[in-house]
Structure formats: C-alpha cells, structure tokens
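Please read the structure below before turning to the comments.
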Amino acid sequence: MTLKQGSSPSQDGVVESDRPIGLRNDPISVAVNLHPFQGEKAKEHFKTTDPGVDVTRLPVIGKFLARAMKDRKFQFLLIVPNQIIFWIVIAVGIFGVTDPGRNFGPAITWYLWFCLVFVMMVVVGRAWCSMCPFGGFGEWIQRKTFFKRTQKALGLGRKVPESWAGYGLVISVATFILLTFIEEYFNIAGPGAPIATSFMVIGIVTTALLSFLVFERRSFCRYICPLSSLIGSVGSMGMVSGFRTRDREVCMSCQTKDCMRGSEDGFGCPWYTWPGSADSNALCGLCSECYKSCPSDNIGLFVQAPLTSVIQPVKRRLDIGIAVAALFGLVFYQQYNALGWYGTIDDKLNSILHWPHYPDPVAYLGGIGLGALAVWALTMLVRAIAKPLAGSSSKSSWFTTIAYALIPITGADYFSRQLPKFFKHVTRVGSAIVHPLGMHPGIYNTRLLSDPSIVSVQLAVMGLGTAASLYAAYRISQRDLGPQSSRPRAVVTATLVMVFAISVLATIVYMPMHAAS
Ligand code: SF4
Ligand code: SF4
Ligand code: SF4
C-alpha cells in the first residue's frame, strides 16, 4: 500500500500510477509540478501559502545573507561546529568518566541539545537540518567534498524504491519509534552510561552513511531519519517558510529546472523539493543549493507568520497526519508511564510477558497504537457529526486535515517532556566541560527551577500549545471542513471540542507527573 492523493508524498498532486511509466519514481519529475498549476491558476493555488517577506531582499541584513548563502561554504560552516561537538560526544562517551552528569557527551546531548532542537523547530522549522552533523557527514562522503560542487557522487546512487517513497514520512515515524524504544530500554537519555549515548550516535551516523552511499541525494533525510518526521511536522509551526520561488510564472516557463537538476554553482535539491511548488516548510532542509543554482535569481529565503505551514496548505499530506497521530501516541504513552499507578500495571505486564523491565514492546507499541487510533476515531466522530456532503473528501483526508490542528499541542507536549531535564540538570553541561581540567565547580547540583516551578512552566507551555492548536483547528475546520459538511457550524464546534479535549488531557497529566524526567 502506498499513500495516495492529497496525501501523496508527491509535491505535484499527480497520483503516481497516473504518471507515464518512464517518469515514475523519478524524483525530479515527482517533485516538479508539470501538470496542474499553470499560469494564473498557480497564483490562485498558492495564494494562501505564498509567504510575504524575502529576507534576502531586506535592507542591510538581506545583502549580507544573500552573499553568505551564495558562497559554497555556507552550509559547511553551519555544520562544522556541530560536527566537532558530535565527534567529541562520541569520544568522551567512550573514553571519558562514567558518571553521565560529569561526562560532556550525555550531558550536552540530553540536558541541552534536545531542548534546543525543539526551540529551533518551533521557531524556525528545519533549522537543525541545515546544520545537522548526521546528514552533513553522509553528504560530505557522498559528494566527496566538504563544500565544492562535484559532479560524480560516491556510492550506488540508487533511487528509493517507489514502494518506500510512497510512505513519505511514515518510515521516519517508525524509525523514531524504534530509536525511542532502544533509548528507553537502555536508559540512554536518562542519561545512563555515557558509552550508551556514544553507541546510539554511532548507530545513527552509520545508518545515515550507509543510506547516503546506497541512495542518491538526501534520501535518508527525506524518508528514513528518525528525527525527520518530528521536525517535518512540528517544524511546520516555524516562521521560516524555506527557500521559495519569487515568481512562479518564471518557474513555469523555466526549461532547465536547475534548482532540481543542479548547475555549475549548486547541487540539485537534495530533498527533492521543488521551490516552485512548495507550499509548506515541511521538506525544505534550508541547504540553500537552489538559491545558488537558479540561473534566474528567482529564489528567496522567505519568512511567514507562525503556524502558516500548519493552517494554510491547500493540499495536506496523509503521511504528516499519520506522523502527528503516532507521535502524539508516543509522547502520551511516555507521560502516563511516569505515573505511579501505571508502574504497577507495567510490572504485571512485564511478569506476564517475561520481559525484564520498561518498556516492554507489547505495551509500548500497543500504547502508541491506541493513542494514534484514538486520534483517528475522534476525527471520524467529528466527521459523523459533520454529516459530510455527497462527494466530500475521503475519511483519510478528513483525518489528515484535523490531525494538522494537533501539531502545536504535540510539539508542546514533546517540549514539555524535555523541560525537567533542562531545568534540573543543564548546569551540569558547564560542570562536564571543565571536569577534564580537574575543576569541580559547585554548580553540579544547581537546578534552575524547583519541581513545582517546572510543572508550572510545563503547564504554561501546554497552555500555549492548546491555544495554538485551537486557533489552527478553528481556521482549518472553517476553511476546509465547513464547506464539505451539511452542518458547517457543528463541524467547527466538534473539531474545537476534540482538539480541546486531547490538549487538556495531555496537559493535566503533567500535574501528577511532578516534573518527572
Ligand atoms: S533529516 Fe535527520 S539526518 Fe537529515 S538533516 Fe534533518 S535531522 Fe539530520
Ligand atoms: S531553476 Fe529557478 S526559475 Fe527554474 S524552476 Fe528552479 S527556481 Fe524556478
Ligand atoms: S535545495 Fe532549496 S528547496 Fe531544496 S532543501 Fe535546499 S533550500 Fe530547500
């Protein structure tokens, strides 16, 4: 089964089986919109998602940014500092002290980095992807260069099989769920033994490297990376729209499509995202290659109002809908696992299954599946209340539309889960940095906030997430669901009630969790 229609991972709305055989699974033809959006229709189609401000055209900073991004070293310089930290994390995790709080590897990874990535996601979008050492390392090897424009790639250069590509970000959700299971089972992010963090990072970079050597471009980032589904969905709240075309008319008549195929100055889009038809920031890795390669100077870096890529896309992706439901199921499972009463149930389950300790795979996958199914069931309940008009969109499209409204609360939930580690232990990062010098500053046990204060911050973050989700639910249901319903007011109310109920449930669990890490 592949995901079809408004859900299709193709950027152009053409169902893959309708495409001429020779063009199937050709990432360029899949990404480049050759069919539906022509001339004035394009303007109309992208009216709501076309962002307003091109930062490369702003006074002063615009010129500086434009010059920096035309430089081939631009992304290299973003990646290098993280690459250095990343190898230090691996090395000190293996050779450093065994106390995870005094070891720089686990300390920076689990007390600081995960929180920062979330802030970047929510504020910017795929900011982390532009500087990520995993993708950066694989790409350097694949291109056989740190930053030059090379023509021949190292490795097999295969295309991702059509059957995989059809699942879009769903594979990435599966790898995220698998990685989280491994992390929880070995208590890697606890953090436990520092060497476990090193092995986890080595595992990710090895998988990434193999993928870069087998498949072309950033197939790993687009389909496999465990973080991609989280960044792609939660990041759509961000204020950076990504690199987009300045004038779609120019793209329509562009014969070369250098932004996709590459030119002397830049590689073809490693993410298979055609700026000419992009209507969200979900799949732009902010690498700036299209900015370098477009011969018509028709690419800009645009910013948008927060939530634009959640609310405005005309064509929503089922894979993102599934990702949101599964990610919510996962974080909610982790939440109630931190409650005392669930510990008793978990112990019983483990003894029945002869499983040594949390998390047992049955409860883990069952919990995530039940959470995701509950989201699906509630969207179907909204649909039933709405009494859809004849010929209105399918159940999966209905589910996808409402799932987008849950993106802010899901993002807030993941962020809130990280906050206890940050507020209780982030000072240990400083302590771990100077520990090899024989210094033992008194900040090791200094916490930034008490447990009750942490809970208050968590509730505030969840409150913001709830407000953002309700706003998104209102706008989305009014524009997209109301016209398909014989009861347009009821569908708006039902969507709001559903989103509110889910948000409140996830929020109140933080109270009995007492700032559990
Ligand atoms: S998708 Fe994953 S590997 Fe690729 S750049 Fe983003 S975080 Fe890094
Ligand atoms: S190369 Fe430039 S003008 Fe041509 S399709 Fe790409 S962005 Fe548009
Ligand atoms: S080439 Fe352009 S559209 Fe593609 S990922 Fe890089 S910045 Fe985004």
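For the reader, a short list of remarks on this structure follows.
- 14 Å beta-carbon shell around Gln418, net charge (K/R +1, D/E -1): +1
- Taking every alpha-carbon pair within segment 321-389, the share separated by more than 21 Å comes to 36 percent.
- Backbone N atoms of segment 186-218 closer than 17 Å to the 7 Å Cα→Cβ label point of Tyr444 belong to residues 191-194.
- Between Asp71 and Leu459, the contour length at 0.36 nm per residue exceeds the alpha carbon distance by 135.3 nm.
- When each of the peptides 257-264, 170-177, 339-346, 382-389 is scored by how many other beta carbons lie within 10 Å of its residues on average, the order from highest to lowest is 170-177, 257-264, 382-389, 339-346.
- Given in Å, the Rg to one decimal and the Dmax to the nearest whole number for the Cα atoms of segment 318-513 are 20.6, 73.
- Mean Cβ count within 10 Å, highest first, over the residues of peptides 397-406, 293-302: 397-406, 293-302
- The chain has equivalent-ellipsoid semi-axes of 35, 31, 21 Å, by the square roots of 5 times the alpha carbon gyration tensor eigenvalues, sorted largest first.
- Cα centroid of segment 120-189 to Cα centroid of segment 345-418, whole Å: 25
- Beta bridges per DSSP, both residues in the chain: antiparallel share near 90 percent.
- Tail weight of P(r) past 24 Å, computed on alpha-carbon pairs of segment 142-289, percent: 42
- FRET efficiency, 1/(1 + (r/R0)^6) with R0 22 Å, evaluated for Lys144 and Asp297 via beta carbons: 0.15
- Label-to-label distance, nm, for residues given as Ile94 and Leu365 (7 Å Cα→Cβ offset): 3.2
- Peptides 136-145, 188-197 ranked from most to least packed, by the mean per-residue count of other Cβ atoms within 10 Å: 188-197, 136-145.
- Cysteine residues of the chain whose Cβ has no partner cysteine Cβ closer than 4.7 Å: Cys115, Cys129, Cys132, Cys221, Cys225, Cys251, Cys254, Cys269, Cys284, Cys287, Cys294.
Values in this text are rule-based calculations from the coordinates and carry no lab data. Not measured: the values here are computed from a predicted model. Cβ: placed from backbone, ideal geometry, glycine included. Neighbour counts: every protein chain shown.
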